[in-house]
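Okay, so here's the structure we're looking at.
The values are calculated or read from the model by the stated rules, or taken from the named source; none is laboratory data. Everything numeric in this text was worked out from a predicted model, so none of it was measured. Here the Cβ positions follow ideal geometry from the backbone for every residue, glycine too, while neighbour counts run over all protein chains shown. Accessible surface is based on the protein model in full, side chains and every heavy atom, while ligands, DNA and RNA are left aside. Shrake-Rupley method; radii C 1.70, N 1.55, O 1.52, S 1.80 Å.
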Amino acid sequence: LPILDTGVPSNANFDEAERVLNIWLSDPKHSVFVHCRAGQERSAVIVVAYFAKRNGLTYDQALKQLKSKRPKINPLPWQKEAAMDWLENCKP
């Protein structure tokens, strides 16, 4: 997904990432790599938001779990805000 370095993913970016990840992760034989230039901000915020939604977690709970596996992830504050807004809008 085209998201500029230090940029903010749009709701459409989160929606598309969720759609694609759901397709690929529906087959246990698939491995999925989500990466940006450094793997710390843009890709991290997409994965944190997806993981939170898929597992019924808050953004901060998801971030904590994922940081235990990859400590260097560190979405920027405005990226976190975008993810939290997307998660809020996803609620039924």
Comparing LYS69, LYS53, LYS29 in a Gaussian network model of the chain (Cα, 10 Å), the one with the largest mean-square fluctuation is LYS29
Which values of log₁₀ I(q)/I(0), to two decimal places, follow from the Debye formula for the chain at q = 0.18, 0.19, 0.23 Å⁻¹ with a uniform point scatterer at every Cα?
-> -0.76, -0.85, -1.28
Solvent-accessible heavy-atom area per residue, rounded to whole Å², over the chain at 1.4 Å | 66 Å²
Assign unit charges at the C-beta atoms only (+1 for Lys and Arg, -1 for Asp and Glu), then state the dipole size of the chain relative to its Cα centre in Debye, rounded to the nearest 20.
-> 440 debye
Please give, to one decimal in nm, the separation of the simple spin-label points placed at ARG37 and ASP15, each 7 Å out from Cα toward the Cβ.
-> 2.8 nm
How many percent of the accessible area of the chain is carbon or sulfur, using a 1.4 Å probe?
-> 55 percent
Taking a probe of 1.4 angstrom, what is the accessible area of GLU81 in Å², to the nearest 10?
-> 120 Å²
For the chain, built as a Gaussian network whose Cα springs stay under 10 Å, the top-fluctuating residue of ASN11, ASN22, ASN74 = ASN22
